[in-house]
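> There's a structure below that I have some questions on.
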Amino acid sequence: MALSTDLEILNRVLRELSSCFLQYAGECWPWTSAGAEGAKLRGAVMQCVERQRQSIGLVAEHLAAHQDRVEFGKFSAEFTDLHYVSLTFLLKRLVESQTKLVESIDRTVTLLPSGDVCREILEVVRGNEHANLAALQTP
């Protein structure tokens, strides 16, 4: 594939990652998490947020080195409908959102040829996002 197409694919993934519900949850945090169990769950979610931020950084760094424009996504206004609910309630939505993101990345990886630098980056991102999904499913 042409380099520009590979970079377009990476930019699309960057938009998905940076505008996903997990990043929103990490940046906005108007959810309640009472007691020791709540603090433990919040810690687990924030570890996932940080792992995803590392993926975002990896993709953005590669894009910045190879093109003039790096596009980050915007959060959906629908996310605000879930403010001030319990973290336990929110977790189900996080798992649903993360599942869709993982499925999208799994499909996207197949668009790039083996040995391609962009594919190698996506493979790292894919591993991070699968780890996030597993962590969110078993807090």
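> Any idea which of (1) within 18 Å of residue 54 (Cβ to Cβ); (2) in contact (Cβ under 8 Å) with a residue 24 or more places away in the chain; (3) among the acidic types (Asp, Glu) is the one residue 116 doesn't satisfy?
(1)
> I'm trying to understand the selection: among the residues of the stretch 72-106, which are among the charged types (D, E, K, R) and closer than 22 Å to residue 130 by Cα?
So the first thing to find is which residues in the stretch 72-106 are among the charged types (D, E, K, R), and the list is 74, 78, 81, 92-93, 96, 100, 103, 106.
92, 93, 96, 100, 103, 106 - these are the residues of the stretch 72-106 that are among the charged types (D, E, K, R) and closer than 22 Å to residue 130 by Cα.
> Another question, then. Among residues belonging to the stretch 94-130 that are among the aliphatic types (A, V, I, L, M) and within 11 Å of the chain's Cα centre (by Cα), point out the one that is nearest to residue 47 (Cα to Cα).
Selected residue: 94.
> Filter the stretch 1-50 for residues that are charged (D, E, K, R) and at pLDDT 90 or above; which is surrounded by the fewest Cβ atoms within 10 Å (Cβ to Cβ)? Spell out the reasoning first.
Restricting attention to the stretch 1-50, the residues satisfying the condition of being charged (D, E, K, R) are 6, 8, 12, 15-16, 27, 37, 40, 42, 50.
Now drop any that are not at pLDDT 90 or above, which leaves 6, 8, 12, 15-16, 50.
On the way: 6: 21, 8: 16, 12: 15, 15: 16, 16: 18, 50: 11.
Only one residue tops the list, namely 50.
> Follow-up question, since we're still on this one. Restricting attention to the stretch 112-139, report how many residues are touching a helix residue (DSSP H, G or I) at 6+ places or on another chain (Cβ under 7 Å) and either assigned to a helix (DSSP H, G or I) or exposed (fewer than 15 other Cβ atoms within 10 Å of the Cβ) (or both).
Count: 18.
> Another question about this same structure. When the residues of the stretch 67-84 are filtered to those that are modelled with pLDDT under 85 and touching a Leu at 6+ places or on another chain (Cβ under 7 Å), which remaining residue is surrounded by the fewest Cβ atoms within 10 Å (Cβ to Cβ)?
67
> Can you pull out every residue in the stretch 99-111 that is in a helix (DSSP H, G or I) and without any contact (Cβ under 8 Å) to a residue 40 or more places away in the chain?
Result: 99, 100, 102, 103, 106, 107, 109.
The values are calculated or read from the model by the stated rules, or taken from the named source; none is laboratory data. All values reported here derive from a predicted model rather than from experimental measurement. Cβ: placed from backbone, ideal geometry, glycine included. Neighbour counts: every protein chain shown.
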